[in-house]
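Visitor: The following block contains the structure, expressed as structure tokens.
The values are calculated or read from the model by the stated rules, or taken from the named source; none is laboratory data. All of these numbers come straight from a predicted model, not from anything done at the bench. Cβ: placed from backbone, ideal geometry, glycine included. Neighbour counts: every protein chain shown. Note: areas computed on protein heavy atoms with side chains; ligands, DNA, RNA excluded. Shrake-Rupley method; radii C 1.70, N 1.55, O 1.52, S 1.80 Å.
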Amino acid sequence: MRLSTRIGLAVGCTVPLLVLASGWLLLHLVARDLRQTEDQHLRQRALAVAPDARALLRASAGDRPKAADTRQRRLFSAALDVGVRVVGPDGVFSGGPQPGASVRLPAGTTGPVTVRDGARGWRALARPLRGAGVSGTLWVFSPDTADRTQVRLVRRRVFLTALLAAPLSGLLAWGVATGAGAPLRRLTRRTAGLDPRTSTARLPEERTGVQEVDELAATVRTALARYDEQAARTAEALDTARSFSSAAAHELRTPLMSMGTNLDILADHPSLPAPDRTEVLADLRREHARLLGLLVMLRELGRGDLVEAEAFRAVDLSDVADAAVAEASRRAPDAVLALDAAPGLTVHGWEPGLRLLLDNLLGNALAHGRDAGGAARIRVTVRAGATGQVVATVDDAGPGVPPDARVRVFERFQRGPASAGSGLGLTLVAQQAALHRGSVTVTDNPDGTGARFEVRLPSRGDGPPGRPPGRRDWLIGTVRANRSQSFPKDRP
């Protein structure tokens, strides 16, 4: 059922009920006004005939029949359109329209009352008669026929109005609702052909002047925008999954083949000399550790590409650095690690990603930042930088990074010839810096020996809350760029 029809039916049913309710109130008011008018008329008639009624009682009490008849005629003439009944000690005198003598009148009344004589109703007013030698009661009566006639007339008109109001109000409401629903029908026609699965057409932003329709159109646009966003995120997730499987298959092929060759050697030569067997087993352990590290790093790259903006919150970078340094000290008890972090340096970030960034910088320093004697001396600093920035630096005492390699070290699968890592550790550092709308650079250690990795992060969110993080294609984009993904085997 159309909305305009529903509105027409609702109004067509509601308006007659309102008319009947108003008519019921009107009937009560009209009946009250008519009764008040009639009661006032009875009071005036009682006041006018009271002297004649007292004279009639005095004549009756003095045993003067002729005078009593004269007073009685005068009394009935003065009563005009009301009935009169005088009740005295010597008899009852009545004339004019009034209830029958068998109708019991109420005693002790001080105002007009209603008495009934069969189907007829009367308004009656009693007035005591007091005076010299006079004692009695004067009753005046007025039939309520005229009042009931007028009330019935008003009742018929109320019902007639209610009957006419039902169809007329329904049709009028239907017409008004049809006109008011025109913008909604236009919106329906415009949205009927929108299919976000097959077309990029979207609802134009036009104002109709009807607030509800404009709000509905805005809701439809928001829903379509969310659909587009989710479709894009789904496509990104699928691309990430395909890229992960492609990269994993490509990178795992060489070490798996090497491990297969070593296993064949062990299987085909059960009497292999002990030194050769030890070398083969060591090679297998290295390949196994490398494969495990590669899978973990690829998984972390995928997590970073798919992280949502809702995961970002206020994070104390000093606390994260403290936890990362403590973990690195536990893993490398021979290393000397120092932390200089000012408290309360907060960034808007993803805490697992920031911890991953610092863990990989420390892991890189422990692996490549040792001096000629094999000692690792690492210093981590967290300080306030330029306005709205927090700076974290990791200094080591190793050979440093050549200037021509300071950009390539952050690319995926870039490894030195003697590296046993996956080539993804510094890529994860660059990914997390980009996700947090920051930057990472490598320079010489200010002490003159070693390298300094410096990460600059905004201390507050860049843009309104809910804005997506920065670059999100670290696992996908490198495959699309067709960069080298070789995984060289360590030389023994």
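Visitor: Val49 is checked against (1) part of a loop (DSSP other than H, G, I, E, B); (2) open to solvent by less than 50 Å² (accessible area, probe 1.4 Å); (3) touching a residue at least 40 places away in the same chain (Cβ under 8 Å) and fails just one. What number does that condition carry?
Guide: (1) is the only condition that Val49 fails.
Visitor: Looking only at the stretch 52-67, decide whether some residue is at pLDDT 85 or above, out of contact with any Gly (no Cβ under 9 Å at 6 or more places or on another chain), of a type in the set (Lys, Arg) and at negative phi.
Guide: Among the residues of the stretch 52-67, not one is at pLDDT 85 or above, out of contact with any Gly (no Cβ under 9 Å at 6 or more places or on another chain), of a type in the set (Lys, Arg) and at negative phi, which makes the answer no.
Visitor: Could you list, ordered by first residue, the pairs with Cβ atoms under 9 Å in which the first is in the stretch 320-347 and over 20 Å from His436 (Cα atoms) and among the charged types (D, E, K, R) and the second is assigned to a loop (DSSP other than H, G, I, E, B) and open to solvent by less than 40 Å² (accessible area, probe 1.4 Å), at least 6 apart or interchain?
Guide: Matching pairs, first to second residue: Asp334/Gly374.
Visitor: Taking the stated definitions as given, is Val380 modelled with pLDDT of 90 or more, crowded, with 22+ Cβ neighbours inside 10 Å and out of contact with any His (no Cβ under 6 Å at 6 or more places or on another chain)?
Guide: In short, yes.
Per-residue answers, yes or no, for (1) of a type outside the set (A, V, I, L, M, F, W, C); (2) assigned to a loop (DSSP other than H, G, I, E, B); (3) within 26 Å of Asp371 (Cα to Cα); (4) at pLDDT 85 or above:
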| residue | (1), (2), (3), (4) |
| --- | --- |
| Val409 | no, no, yes, no |
| Thr427 | yes, no, yes, no |
| Arg452 | yes, no, yes, yes |
| Val479 | no, no, no, no |
| Ser484 | yes, yes, no, no |
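Visitor: Which residues, taken from the stretch 321-350, are out of contact with any His (no Cβ under 9 Å at 6 or more places or on another chain) and closer than 17 Å to Val440 by Cα?
Guide: Scanning the stretch 321-350 gives a single hit, Ala321.
Visitor: Could you check, for the stretch 31-41, whether at least one of its residues is open to solvent by 30 Å² or more (accessible area, probe 1.4 Å) and touching a Phe, Trp or Tyr at 6+ places or on another chain (Cβ under 9 Å)?
Guide: No: zero hits.
Visitor: Looking at this structure, is Leu184 loosely packed, with under 13 Cβ neighbours inside 10 Å and part of a helix (DSSP H, G or I)?
Guide: no
Visitor: Looking at Ala53, Ala21, can you tell me which residue is among the aliphatic types (A, V, I, L, M) and closer than 19 Å to Gly131 by Cα?
Guide: Just a single option satisfies the conditions, and that option is Ala53.
Visitor: Sticking with this one: For the stretch 67-125, list the strands (runs of 3 or more DSSP E) that sit wholly inside it and hold at least 2 residues that are closer than 20 Å to Arg35 by Cα; which are they?
Guide: It comes to 83-88, 113-117.
Visitor: Mind listing just one residue for me: the one in the stretch 100-146 that is within 22 Å of Arg54 (Cβ to Cβ) and among the basic types (Lys, Arg) and, of those, surrounded by the most Cβ atoms within 10 Å (Cβ to Cβ)?
Guide: Filtering the stretch 100-146 for residues that are within 22 Å of Arg54 (Cβ to Cβ) and among the basic types (Lys, Arg), the one surrounded by the most Cβ atoms within 10 Å (Cβ to Cβ) comes out as Arg127.
Visitor: What residue, among those in the stretch 285-306 that are among the hydrophobic types (A, V, I, L, M, F, W, C) and buried (at least 18 other Cβ atoms within 10 Å of the Cβ), is modelled with the highest pLDDT?
Guide: The selected residue is Leu291.
Visitor: Considering only residues that are modelled with pLDDT under 85 and crowded, with 17+ Cβ neighbours inside 10 Å, which ones fall in the stretch 77-87?
Guide: Of everything in the stretch 77-87, just one residue is modelled with pLDDT under 85 and crowded, with 17+ Cβ neighbours inside 10 Å, namely Ala79.
Visitor: A further question follows. Can you pull out the residues in the stretch 57-66 that are open to solvent by 80 Å² or more (accessible area, probe 1.4 Å) and either assigned to a loop (DSSP other than H, G, I, E, B) or in contact with a strand residue (DSSP E or B) (Cβ under 7 Å, 6 or more places away or on another chain) (or both)?
Guide: Those that are open to solvent by 80 Å² or more (accessible area, probe 1.4 Å) and either assigned to a loop (DSSP other than H, G, I, E, B) or in contact with a strand residue (DSSP E or B) (Cβ under 7 Å, 6 or more places away or on another chain) (or both): Arg58, Asp63, Arg64.
Visitor: Taking the options Ala372, Ala386, name whichever one is at pLDDT below 85 and open to solvent by 70 Å² or more (accessible area, probe 1.4 Å).
Guide: Ala372
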